[in-house]
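Working notes, beginning with the structure itself.
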Amino acid sequence: MTEAHNIPRSAESILVIGLGLTGYSIVRHLYSQGTEITVADSRLNPPYLVQVKNEFPDVEIIVGQIPLDRFSEFSEIVTSPGVDIGVTLNSETGRLIGDIELFARHADAPVIGITGSNGKSTVTMLVSEILAGGGYCVKTGGNIGTPALDLLDGEKPDFYVLELSSFQLEATYSLALKSATVLNISEDHMDRYETLDDYVLAKSRIFDHAESVVVNRDEPRPVAPTVNDLKVVSFGLSVPENDCEFGVRMVSGSRHLGFGDSVLAPESELVLQGEQNISNILAAMALVSAAGIELTKPMIGAAIKYGGLPHRCEIVTESKSVKWINDSKGTNVGATVAALKGFKHGVVLIAGGKGKGANFEELSREILNSVKYTILIGEDAEKIDRTLDPSSERSIAVSLDAAVSLAMKVADPGNVVLFSPACASFDMFDNYEHRGNVFKQMVLERVH
């Protein structure tokens, strides 16, 4: 971005709110376009403050509460996903956009978009792996890994693949996706949305300008566009009945992934195991197919070989016939319930954190079905505890360290210790990666 300092500034003036990783990418992008920028962050020491000061010394930075009368100075306001639009600004401050809207204005290759409460990171990476297996040049990012605007740098790809959060979609208006999906819906971010319907409405914006959509047949409340003339492809664990359906069928007594009448791969060959992961693989294949790409053997092979994401049902170690699994990416109830469904019995569950206003009744029911012992930590430990059935054995631990110590005592040979918080990490950790890495380090140091 050094060359950007020589670009003449335009008369247009834009306010960027939030100076985290995404906000930093927004500043770099806008500056390279010659835009006059002001940056604001309510935090006294935002994460990328030093970098912006050093790289763009002529950019005005407002630290702390921005005066409301300043908003009228700007032709556009670009918010980071973490900024609660409804709380921070009112309707008189002008139209708001986010980094994905800026990306949509400049992207010059087809885009595949994925959102949903759970599995979106895994499906995003699977779509990328499948396309790469077919020889396509792919750039992947958005709500995972690389900020979307940074993907615009360098060589033009054959496809962009974006994971999109409800927060990003709230401030997106013109993103036209080659194929799009809302994988599933479960309560999440209820501290930000007044109702579940509001959350679903934000997610469903992904379909606004899509060419084709992918729908989950197994979702109790599937989210689909209201426009009737779009191409619709579906996925689910049932038998596919036509050439617009991906699913599972029995062949010679064993389960296989299928597409219409075609058999794609035996379940036994998948590196990712479990019903949720089979659903994720089918969703990724459906998105690629809906984008107009025929699945070849190398592409199917790439899906079969994909090993999964760090912090998502990641095996840390096995000691004394006890498996220790890090699922720190399980940041909501639906994610933890899905993880628990992958184990039949004998689970020692470590859960808890910042619950984001979630209802834990569904988690309570699943704990009653499959969990031997529950260890609760964090800000909402007592809230979760109050929802659990009296017969569910559990304890509240003062820290993750104490939880690991207790798990070592209560786990028997053949058990699984599953760290799947069903909550955000911000009460005790920087993010879910930090939380997962601390858990892994504790386990590797102490479990022998």
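Bear in mind these aren't lab numbers, they're just calculated from the coordinates by the rules spelled out. This structure is a prediction, so every number in the text was calculated from the model and none was measured. Counting neighbours? That spans all protein chains shown, and the Cβs are built from the backbone with ideal geometry, glycine included.
Things to note:
- Per-bin percent of Cα-Cα distances, the chain [10 Å]: 4, 20, 28, 26, 17, 5, 1, 0
- Under 16 Å from the ASP158 label point (7 Å along Cα→beta-carbon), backbone N, the range 127-146: 127-140
- Zone residues, the range 386-402, relative to ASP412, backbone N less than 16 Å from point 7 Å out along Cα-to-Cβ: 393-394
- Rounded to 5, percent antiparallel among DSSP beta bridges of the chain: 25 percent
- FRET efficiency, SER72 to ASP389 (Cβ-Cβ, R0 60 Å, nearest 0.05): 0.65
- Percent RCO, i.e. relative contact order, over the chain, from Cα pairs under 8 Å lying at least 6 residues apart: 11 percent
- DSSP-defined antiparallel bridges as percent of all bridges, the range 314-446, nearest 5: 25 percent
- Only beta bridges with both residues in the range 102-305 are counted; by DSSP, about 30 percent of them are antiparallel.
- GLU269 versus LEU230: modelled label distance in nm, points set 7 Å from Cα along the beta carbon direction: 3.3 nm
- Put a plus charge on the Cβ of each Lys and Arg, a minus charge on the Cβ of each Asp and Glu, and nothing anywhere else: the dipole of the range 314-446 about its Cα centre is then about 280 debye.
- Listed peptides 348-355, 294-301 appear in the order 348-355, 294-301 once ranked by packing, highest mean of other Cβ atoms within 10 Å at the front.
- For the range 98-137: rounded, prolate or oblate by the Cα gyration tensor [a/c cutoff 1.5]: oblate
- Label-point separation, GLU194 to MET250 (7 Å along Cα→Cβ), nm: 5.0 nm
- With contacts taken as Cα pairs under 8 Å at a separation of at least 6 residues, the range 314-446 carries a relative contact order of 38 percent.
- Footprinting exposure proxy for HIS209, HIS189 (fewest neighbouring C-beta atoms within 10 Å first): HIS209, HIS189
- The listed peptides 331-338, 134-141, ordered by packing as a protection proxy, come out as 331-338, 134-141 (highest mean of other Cβ atoms within 10 Å first).
- Shape class of the range 102-305 from the Cα gyration tensor (axes a ≥ b ≥ c, square roots of the eigenvalues): oblate, since a/c reaches 1.5 or more and a/b does not exceed b/c.
- Computed from the C-beta positions of GLU382 and LYS297, the FRET efficiency with R₀ = 51 Å rounds to 0.45.
- Take every pair of alpha-carbon atoms less than 8 Å apart whose residues are at least six positions apart; their mean separation over the length of the range 138-205 yields a relative contact order of 31 percent.
- Residue pairs, from the table LYS139/LYS383; LYS231/LYS344; LYS320/LYS356; LYS203/LYS341; LYS356/LYS440; LYS320/LYS344, whose Cα atoms sit over 30 Å apart: LYS139/LYS383; LYS231/LYS344; LYS320/LYS356
- Summarising the label geometry, the points placed 7 Å from Cα in the beta-carbon direction at VAL50 and LEU21 lie 1.8 nm from one another.
- Check: the range 116-183 dipole with +1 on Lys, Arg Cβ and -1 on Asp, Glu Cβ, in debye: 160 debye
- Phi-derived couplings, Karplus 6.51 cos²θ - 1.76 cosθ + 1.60 at θ = phi - 60°, listed residue by residue for the range 36-44: 6, 10, 10, 10, 10, 8, 5, 6, 6 Hz, with x used for Gly and Pro.
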